[in-house]
1. Among the listed residues ALA28, ALA90, ALA101, which satisfies the condition of being modelled with pLDDT under 85 and exposed (fewer than 10 other Cβ atoms within 10 Å of the Cβ)?
2. With the condition kept exactly as written, say whether any residue in the stretch 22-35 is assigned to a helix (DSSP H, G or I) and not small (Gly, Ala, Ser).
3. If you scan the stretch 54-85, which residues turn out to be small (Gly, Ala, Ser) and either more than 11 Å from the chain's Cα centre (by Cα) or within 18 Å of ILE5 (Cβ to Cβ) (or both)?
4. Considering only the stretch 58-79, I want to know if a residue exists there that is among the polar types (S, T, N, Q), assigned to a loop (DSSP other than H, G, I, E, B) and surrounded by 10 or more Cβ atoms within 10 Å (Cβ to Cβ).
5. Among LEU44, LEU10, which is touching a strand residue (DSSP E or B) at 6+ places or on another chain (Cβ under 8 Å) and in a helix (DSSP H, G or I)?
6. Would you say ALA2 is among the hydrophobic types (A, V, I, L, M, F, W, C) and either surrounded by 10 or more Cβ atoms within 10 Å (Cβ to Cβ) or in contact with a Ser or Thr (Cβ under 9 Å, 6 or more places away or on another chain) (or both)?
Amino acid sequence: MAQLIVFLALLFSIVIAVFAVQNTTAVAVSFLVFGPVNVAVAVLVLISAALGALAMLLLGIWREAGIRWRQRSLGQQLRTAQTRIAELEAAQPKTVPIAAAEPPVAVPLTPDS
């Protein structure tokens, strides 16, 4: 599965690079308070792709941190439960298992005389 993701990312990168190379004309770009600036479409596409990759990286790190936090919490719960089970088993009275008990002895019947 990881190889498929790497392959798709590489394929997407190649498509973006080909698109950027073929589109070199300058366009006027204005963003929020920044005035119109002439920038090549290739630069604009590459910047957009890099910002998208950065956003995905940050979301992936956020997700991984959440998973590790949950795993740590579940590990602590498991250790607490195992300790409690050990305490309860130690508090139980020791009993002899039925299978280990001696079988009943058969007594022969004698006729009444």
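The values are calculated or read from the model by the stated rules, or taken from the named source; none is laboratory data. If you're wondering where the values come from, they're calculated on a predicted model, not measured in any experiment. All Cβ positions, even for glycine, are placed from backbone atoms using ideal geometry, and neighbour counts span all protein chains on display.
1. That would be ALA101, the only listed residue that is modelled with pLDDT under 85 and exposed (fewer than 10 other Cβ atoms within 10 Å of the Cβ).
2. Checking the stretch 22-35: at least one residue is assigned to a helix (DSSP H, G or I) and not small (Gly, Ala, Ser).
3. Of everything in the stretch 54-85, those that are small (Gly, Ala, Ser) and either more than 11 Å from the chain's Cα centre (by Cα) or within 18 Å of ILE5 (Cβ to Cβ) (or both) turn out to be ALA55, GLY60, SER73, GLY75, ALA81.
4. no
5. LEU44
6. Taking the combined requirement at face value, the residue does not satisfy it.
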